[in-house]
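See structure below.
The values are calculated or read from the model by the stated rules, or taken from the named source; none is laboratory data. Values in this document were obtained by computation on a predicted structure and should not be read as measured data. Cβ placement follows ideal geometry from the backbone for every residue including glycine, while neighbour counts extend to all protein chains displayed. Only protein heavy atoms, including side chains, enter the accessible area calculation; ligands, DNA and RNA are left aside. Shrake-Rupley method; radii C 1.70, N 1.55, O 1.52, S 1.80 Å.
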Amino acid sequence: MSLFGVIQNSANALQVAELGLHVVGNNVANAGTPGYIRQELNKATGPAYRYGSTILGSGVRAVGVVQKLDSFLLERMREVRSDLESSDRLGQLYQGIEDILGELNDNDLSTKMNEFSSSIQDLLNHPGNDVLRRLVIEQGKSLASDIRSVSQSLGQFGANLNSEISQTAGEINRLTNRIANLNQRIVELEGGREAKTSDAVGLRDERIKALDELSSFVNIRTVEQESGAVSVFVGGEYLVTDGITRAVKVELETVDGQTYPEVRLADTDSPLEATGGRLHGIYSARELAVGGIGKSLDKFALTLMDQFNSIHTQGQGAVGFSEVTSGYATDDVQGPLDLAGYRVGIRNGQFQVQVSDLASGAVVTHNIRVQLTGATDDTSLEDIAGQLNAVSGLSASIGNDGRLTISADSHKLRFSFQNDSSNFLSAAGINSFFVGDSASNLQVNAVVANDPKMFAASLTGIGLGTGNAVRLAKAFEEPLEGLGGQSLKQAHEDMVVRITQDVSLQSGKSDGLRNFYQTLEAQHLGISGVNLDEEAIKMIFYQRMFQANSKIIQTSSEMLDVLVNL
């Protein structure tokens, strides 16, 4: 080898040392940069050549700058992050639902039921006190109002989640476009070279950050191509390949009569298979808020109404009716009552109507038959109206809306109801306390709300009896078959306890996933993070390398001068 060859080898080494110091400087400068992946200069020996009978090396050469990372670990971190984001979002929404139920304050439904029941108990001692009757009505209104408020809050909760789904779809499209753009720039810069000789490390950092952010919204799987581009998959469908993206959109889907927005692939209209990430957490929370707690609240409200009404319709108020219209309509006035579209079931039986003459004090009781045996002559609403019209002093008619109206023929007559074994009065909403068909519209019957004397506390006819009030006061404590043997209070407490337990379990799950993610993150930082001590050692190494090769060049130059001067 000539002295010129020695000088050239050392000059190459100086360039490598310079590049190495540049990479070290870049690592040190970005030691605190979030998402930065430590870089390393890849070096290789130069090609050997024959010099006489000896094979000599040609020094060192720089191959490329690469990121120091474990791709498998990075992929695992994204999977866990998707699960954590889903669990965290679901936990936050569980907490929100718990706050809506408000069982930790003095305005919860349990307190309202107790206050309502207590107001009825107070009336037992003073049945003629109009103030106490008004208090019963107001407490009933307060209970119904709180149930409506919880239902409306859950509905708004679901609406907010639907809005968040639309925002999430926009974020997914933004990030997939960003990843596709970075794919193109990385491929152009690297020129299809292998990843181990990559020069596009800064762009790769940006892409990793974009992929990590995307994994927080939806579960993804990534595959790096030989060109350096990354393909992104969700389930069995791809979102990004090379520089091509598949956009997602939000479409409405109807399930059990409810309409929900759903994220779908724009080109195939197929649902995005979200099994992790924030999107999955939102889906789960929406199903819980609307399909789970919402339905449980509706069931509770309707059971409360049916239980209370079934007792209230058996009693009489301090005054009788001069006219009353059913709260619920039928969709078939000529069909059998049990098939006429009433929400509450009607059975074979009868109910009684008492007609009182205010002038003479005479009271006449009439039986109204409800025949439901499956025969062709089963009782219809028209039949009920016909029987009532046959009662002296009463008139009955059916409006175009399918509601039954009963009225006294004289201002001196009043009527009341009792002994309903058919459940017709409760189903039709006659002499009922509550009306509504869900938790969102539960309210006190306007007839009772406008005149507290219509509160049916008596079981011995129109007057100041309290036999029915005793039964009404116990309505919240009685085991109900429709609630699996639980009382109304127990059913509500059970719903609240389940939510509290779910909040605790979800919090524990999130903590476990968070700890696991932090463990993976620590392993990732051990591989990809910048260690200033290690960088200082490398800096000294490149400094010594530079000094040693400079000395070789200096020595070779002196030898060359001697040779030239011979």
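Give the stretch 232-282 a look and list any residue that's in contact (Cβ under 8 Å) with a residue 60 or more places away in the chain, within 28 Å of Phe157 (Cβ to Cβ), part of a strand (DSSP E or B) and hydrophobic (A, V, I, L, M, F, W, C), or say none.
Val248, Val250, Val263
Six or more apart or on different chains, Cβ atoms under 8 Å: show the pairs whose first residue is in the stretch 155-180 and free of Cβ contacts under 8 Å to residues at least 40 places away in the same chain and assigned to a helix (DSSP H, G or I) and whose second is of a type in the set (Gly, Ala, Ser) and surrounded by 15 or more Cβ atoms within 10 Å (Cβ to Cβ).
Arg178/Ala210
How many of the residues making up the stretch 437-447 are assigned to a loop (DSSP other than H, G, I, E, B) and either open to solvent by less than 10 Å² (accessible area, probe 1.4 Å) or out of contact with any strand residue (DSSP E or B) (no Cβ under 9 Å at 6 or more places or on another chain) (or both)?
Adding up the residues that qualify gives 3.
For the stretch 477-491, name all the residues that are out of contact with any Phe, Trp or Tyr (no Cβ under 6 Å at 6 or more places or on another chain), at pLDDT 80 or above and not small (Gly, Ala, Ser).
Once the filter is applied, which keeps residues that are out of contact with any Phe, Trp or Tyr (no Cβ under 6 Å at 6 or more places or on another chain), at pLDDT 80 or above and not small (Gly, Ala, Ser), the stretch 477-491 yields Glu477, Glu478, Pro479, Leu480, Gln486, Gln490.
Do you know which residues across the stretch 205-231 are open to solvent by less than 50 Å² (accessible area, probe 1.4 Å) and assigned to a helix (DSSP H, G or I)? Give the derivation first.
In the first step, residues of the stretch 205-231 are kept if they are open to solvent by less than 50 Å² (accessible area, probe 1.4 Å); the result is 205, 207-208, 210-212, 214-220, 222, 227-231.
Passing the criteria: Asp205, Arg207, Ile208, Ala210, Leu211, Asp212, Leu214, Ser215, Ser216, Phe217.
State whether the residues of the stretch 403-414 include one that is open to solvent by less than 10 Å² (accessible area, probe 1.4 Å), touching a residue at least 24 places away in the same chain (Cβ under 8 Å), over 23 Å from Asp331 (Cβ atoms) and not in a loop (DSSP other than H, G, I, E, B).
No: the stretch 403-414 contains no residue that is open to solvent by less than 10 Å² (accessible area, probe 1.4 Å), touching a residue at least 24 places away in the same chain (Cβ under 8 Å), over 23 Å from Asp331 (Cβ atoms) and not in a loop (DSSP other than H, G, I, E, B).
Quick check on the stretch 284-297. Is at least one of its residues open to solvent by 30 Å² or more (accessible area, probe 1.4 Å) and modelled with pLDDT of 90 or more?
Among the residues of the stretch 284-297, not one is open to solvent by 30 Å² or more (accessible area, probe 1.4 Å) and modelled with pLDDT of 90 or more, which makes the answer no.
Filter the stretch 140-163 down to residues that are farther than 19 Å from His492 by Cα and in contact with a Lys or Arg (Cβ under 8 Å, 6 or more places away or on another chain) and give me whichever is most open to solvent (accessible area, probe 1.4 Å).
Applying the filter and picking the extreme gives Asn162.
Is it the case that Ser422 is in a loop (DSSP other than H, G, I, E, B) and open to solvent by less than 10 Å² (accessible area, probe 1.4 Å)?
It is true that Ser422 is in a loop (DSSP other than H, G, I, E, B) and open to solvent by less than 10 Å² (accessible area, probe 1.4 Å).
Does the stretch 298-321 hold any residues that are in a helix (DSSP H, G or I), open to solvent by 30 Å² or more (accessible area, probe 1.4 Å) and in contact with a strand residue (DSSP E or B) (Cβ under 9 Å, 6 or more places away or on another chain), and which are they?
Asp306
Any idea how many residues of the stretch 528-561 are open to solvent by 90 Å² or more (accessible area, probe 1.4 Å) and aliphatic (A, V, I, L, M)?
4
Given the criteria surrounded by fewer than 18 Cβ atoms within 10 Å (Cβ to Cβ), outside any helix (DSSP H, G or I), of a type outside the set (Val, Ile, Thr) and on the phi < 0 side of the Ramachandran plot, does Gly335 qualify?
yes
Taking interchain pairs and intrachain pairs at least six residues apart, which have beta carbon atoms under 7 angstrom, with the first residue in the stretch 42-55 and free of Cβ contacts under 8 Å to residues at least 24 places away in the same chain and the second among the hydroxyl-bearing types (Ser, Thr, Tyr) and open to solvent by less than 60 Å² (accessible area, probe 1.4 Å)?
Pro47/Ser58; Ala48/Ser58; Tyr49/Ser58
Specify the residue that is least open to solvent (accessible area, probe 1.4 Å); the eligible residues are those in the stretch 322-332 that are outside any loop (DSSP other than H, G, I, E, B) and among the β-branched types (Val, Ile, Thr).
Val324
When the residues of the stretch 363-380 are narrowed to those that are farther than 18 Å from Ser421 by Cβ and in contact (Cβ under 8 Å) with a residue 24 or more places away in the chain, which ends up least open to solvent (accessible area, probe 1.4 Å)?
Ser380
Ser360: closer than 30 Å to Leu483 by Cα, among the polar types (S, T, N, Q) and open to solvent by 20 Å² or more (accessible area, probe 1.4 Å), yes or no?
Answer is no for this residue.
Mind telling me which of the residues Asn450, Asn468 ends up being open to solvent by less than 70 Å² (accessible area, probe 1.4 Å) and not hydrophobic (A, V, I, L, M, F, W, C)? Talk me through it step by step, then tell me what you get.
On the way: Asn450 fails: open to solvent by less than 70 Å² (accessible area, probe 1.4 Å).
Only one candidate qualifies: Asn468.
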